[in-house]
Amino acid sequence: MKRRVLAWPRSIKRMVVVALDLALSLAATWLAFSLRLDSPHWPDETQWRVYVLAPLLAIPVFIRLGLYRAIFRYTGQAALLTTAKAVAIYGVLLLTGLLWMRWDNVPRSLGVLQPLIFLLLVGGSRALARFWLAGEGRAPAGQGRSLIYGAGMAGAQTAAALAMSGQYSLLGFVDDDPTKIGRSINGVHVYAGSDAPAVVKKLGITDILLALPSVTRERRNRIIESLRHLPVHIRTLPGMADLTSGRVTVQDFRELDIEDLLGRDPVPPDAALMARDLAQKTVLVTGAGGSIGSELCRQILRQQPSQLILLDHSEFALYSIHQELEVLCQGDGCATRLLPLLGSVNHEARLREICHHHRPHTIYHAAAYKHVPLVESNPAEGIRNNVFGTLHMARVARDCGVARFVLVSTDKAVRPTNVMGASKRMAELVLQAMAAEPGQTCFSMVRFGNVLGSSGSVVPLFRRQLAAGGPLTVTHADVTRYFMTIPEAAQLVLQAGAMATGGDVFVLDMGEPVKIIELAHRMVELSGMSVRDADKPDGDIEIVITGLRPGEKLYEELLIGDNPAPTAHQRIMKAHEDCMPWPALEQQLDVLWQAAGRDDKDAIKAVLVTCVHGYGGVK
């Protein structure tokens with residue numbers, strides 16, 4: 001029956017509701033007369049006029065306030081308040097009409113009593129409809145047995161979403177607020193956070209839903225860490241900024257991501273620093289379609305540049321970020337001109353044409369080959385793209401009078417054991433040497449570690465391996481890496497570049513390093529599965545140690561020297577790094593260019609050994 005009703009056309013549903021309200025209006029009038037006259041009522045000729053007047057006033061008011069646009073099974077507090085407002089307006093109109101008409105045998109108090117009864121009947125009908133259509137109060141067989149962590153507004157909305165979906169049986173709330181513990185929400189008990197393991201075991205919980213959109217990331221991480229060893233599937237709501245509709249649905253729940261454990265609460269960006277080299281300026285981003293380049297573009301767009309030039313050699317990547325930014329522009333009503341340009345940083349003539357024609361004020365150079373094993377296998381291409389692509393772009397920037405040039409670098413440039421890291425250090429040396437030469441362009445570089453979710457990060461690899469049923473591959477049990485979220489890294493790059501005075505090497509505070517094997521364990525557990533090992537031979541996912549890849553380091557570093565200097569931003573430091581004068585570096589670059597041209601790996605590595613501190617040229 002319920003399915004047939006839900007399948008009715010909306011016009012039929014509205015006609016049924018209007019007819020119901022007509023009947024309720026007549027019933028409320030009869031009850032009001034009977035209560036006022038203290039006996040069952042049969043209207044006389046004059047009193048019939050009230051039965052006609054009541055629905056003639058009520059239905060237009062209800063239509064005007066949109067009561068017939070609401071969906072009964074989603075009716076909530078806001079809809080009930082609108083109903084009360086509509087009945088109050090109707091009551092004022094009815095009382096005014098009765099006082100003005102002064103019909104015989106019609107008590108004036110009916111103008112107060114009838115609307116009150118009508119409100120109870122209408123509100124009750126909406127509540128009953130929601131109860132029946134949404135299936136509240138029942139727990140169909142086969143549902144997941146769930147707890148909601150968070151007994152606030154988001155938790156209550158989550159409970160309503162569960163009731164509507166019919167997919168879960170809600171057995172309790174969990175909260176750390178002592179004023180809420182022991183109480184109930186719509187008849188559902190609130191437990192203490194410390195009791196979660198016992199509650200999971202006692203009630204046979206299969207799912208925990210985190211309804212904590214406004215807590216700090218640090219607090220959220222502690223909660224997830226306390227739950228991840230439980231045999232339950234943990235999912236979460238997005239942040240408060242993403243919950244703009246005011247109503248939570250089951251579709252809002254998402255799988256926990258590793259960012260929920262590794263991410264930090266970002267430091268609010270300095271608005272003046274962010275806007276200094278961007279607002280009303282022409283800005284060029286190379287590698288605009290990559291993970292870092294695309295996020296730089298998103299952050300830059302928020303600062304309202306006059307023109308944002310997107311440069312990438314990948315047609316699909318360029319198309320994707322351009323389409324995304326177009327949508328953002330339309331939504332925010334910004335006047336920034338977006339210019340997607342295909343081109344490679346290896347083609348200096350193309351770069352010169354772009355900069356000469358568009359005259360960018362600031363360039364963020366994010367174009368690079370960054371996959372360590374691939375660059376190790378293709379050193380000549382890595383050198384051409386990472387070293388000489390940077391040289392070409394920097395030389396063009398200097399010749400065209402670009403005010404600021406910021407290189408996105410990496411922690412792998414510090415005492416590198418691979419060609420990729422050595423090539424990025426060579427790119428840094430190019431900018432340091434050019435910064436020491438006369439010129440208008442302020443060259444700087446920003447060095448940081450892995451970003452979560454980038455194409456070069458281990459996290460997407462683990463996600464794919466999990467989806468395939470495992471195993472997860474880790475190169476060494478002791479390998480560690482620094483991690484940072486892409487948005488935080490991009491914001492810090494923009495702010496560091498704005499602080500540069502020339503030749504600066506900025507280092508981002510990456511927090512504490514993470515052991516990759518522990519990261520693998522966390523990702524398995526956050527997916528609601530267990531690790532298969534000697535202690536748990538029946539586990540779901542195996543973790544396999546494959547051995548270090550060519551050029552891979554156990555530990556990454558951020559500094560070559562010691563004692564980095566603090567800056568105005570608490571998460572940006574300034575490194576003191578030695579560099580080569582331009583004449584000496586230029587000679588080495590000539591040798592490197594020729595070696596790359598003939599794909600001479602030994603000659604390439606010989607130059608890198610000479611120029612890059614700590615590089616030993618892995619064979």
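The values are calculated or read from the model by the stated rules, or taken from the named source; none is laboratory data. Owing to the predicted nature of the structure, the values given are computational and were not obtained by experimental measurement. A quick note on method: Cβ atoms are made from the backbone with ideal geometry, for glycine too, and the neighbour counts reach across all protein chains shown.
Results, tabulated for the structure shown:
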| quantity | calculated |
| --- | --- |
| Looking only at the range 364-393, and only at residues there that are buried (at least 22 other Cβ atoms within 10 Å of the Cβ) and of a type in the set (S, T, N, Q), the one that is nearest to K281 (Cα to Cα) | T390 |
| Candidate set: the range 154-180, residues that are free of Cβ contacts under 8 Å to residues at least 40 places away in the same chain and β-branched (V, I, T); chosen: the one farthest from M529 (Cα to Cα) | T179 |
| Neighbours by Cβ (under 9 Å, 6+ apart or cross-chain): first from the range 181-207, under 16 Å from A159 (Cβ atoms) and in contact (Cβ under 8 Å) with a residue 12 or more places away in the chain; second acidic (D, E) and outside any helix (DSSP H, G or I) | N186/E136; V190/D175; V190/D177; Y191/D175 |
| Hits in the range 581-604 (condition: surrounded by fewer than 20 Cβ atoms within 10 Å (Cβ to Cβ) and either touching a His at 6+ places or on another chain (Cβ under 6 Å) or under 14 Å from V419 (Cα atoms) (or both)) | D599, D600, K601, D602, A603 |
| Which numbered condition I181 misses (of (1) of a type outside the set (G, A, S); (2) modelled with pLDDT under 90; (3) assigned to a loop (DSSP other than H, G, I, E, B)) | (2) |
| Candidates V406, V396, V414 - the one that is at pLDDT below 90, in the same structural domain as V372 (by TED's automatic domain parsing) and either more than 34 Å from the chain's Cα centre (by Cα) or under 30 Å from L374 (Cα atoms) (or both) | V414 |
| Residues of the range 555-577 satisfying the condition of being at pLDDT below 85 and surrounded by 14 or more Cβ atoms within 10 Å (Cβ to Cβ) | E556, E557, L558, L559, I560, P564, E577 |
| Residue match in the range 543-550 (condition: touching a residue at least 60 places away in the same chain (Cβ under 8 Å) and under 31 Å from the mean Cα position of the chain (by Cα)) | yes |
| Qualifying residue in the range 379-393 (condition: more than 22 Å from A436 (Cβ to Cβ) and within 31 Å of the chain's Cα centre (by Cα)) | no |
| Residues located in the range 327-374, provided they are assigned to a helix (DSSP H, G or I), touching a Cys at 6+ places or on another chain (Cβ under 9 Å) and modelled with pLDDT under 95 | L328 |
| Subset of the range 587-596 (residues that are touching a helix residue (DSSP H, G or I) at 6+ places or on another chain (Cβ under 8 Å) and not polar (S, T, N, Q)) | L589, V591, L592, W593, A595, A596 |
| Tally, over the range 113-161, of residues that are of a type in the set (V, I, T), in the same structural domain as S194 (by TED's automatic domain parsing) and at pLDDT 85 or above | 1 |
| Of the criteria (1) under 21 Å from the mean Cα position of the chain (by Cα); (2) surrounded by fewer than 19 Cβ atoms within 10 Å (Cβ to Cβ); (3) at pLDDT 80 or above, which one V250 fails | (3) |
| Residue in the range 347-362 that is over 30 Å from A606 (Cβ atoms), of a type in the set (V, I, T) and in contact (Cβ under 8 Å) with a residue 40 or more places away in the chain present | yes |
| Residue match in the range 353-361 (condition: under 31 Å from the mean Cα position of the chain (by Cα), surrounded by fewer than 24 Cβ atoms within 10 Å (Cβ to Cβ) and not β-branched (V, I, T)) | yes |
| V544 vs. criteria modelled with pLDDT of 80 or more and closer than 28 Å to R571 by Cα | no |
| Unique residue being over 23 Å from I300 (Cβ atoms), surrounded by fewer than 20 Cβ atoms within 10 Å (Cβ to Cβ) and under 33 Å from the mean Cα position of the chain (by Cα) when the list is A477, A436 | A477 |
| Within the range 302-321, tally of residues that are modelled with pLDDT of 95 or more and over 24 Å from H371 (Cβ atoms) | 5 |
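Yes or no, residue by residue, for (1) aliphatic (A, V, I, L, M); (2) buried (at least 19 other Cβ atoms within 10 Å of the Cβ); (3) at pLDDT below 90; (4) farther than 28 Å from D270 by Cα:
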{"residue": "T441", "(1), (2), (3), (4)": "no, yes, no, no"}
{"residue": "V446", "(1), (2), (3), (4)": "yes, yes, no, no"}
{"residue": "M484", "(1), (2), (3), (4)": "yes, yes, yes, no"}
{"residue": "Q491", "(1), (2), (3), (4)": "no, yes, no, no"}
{"residue": "L494", "(1), (2), (3), (4)": "yes, yes, no, no"}
{"residue": "F506", "(1), (2), (3), (4)": "no, yes, no, no"}
{"residue": "S530", "(1), (2), (3), (4)": "no, no, yes, yes"}
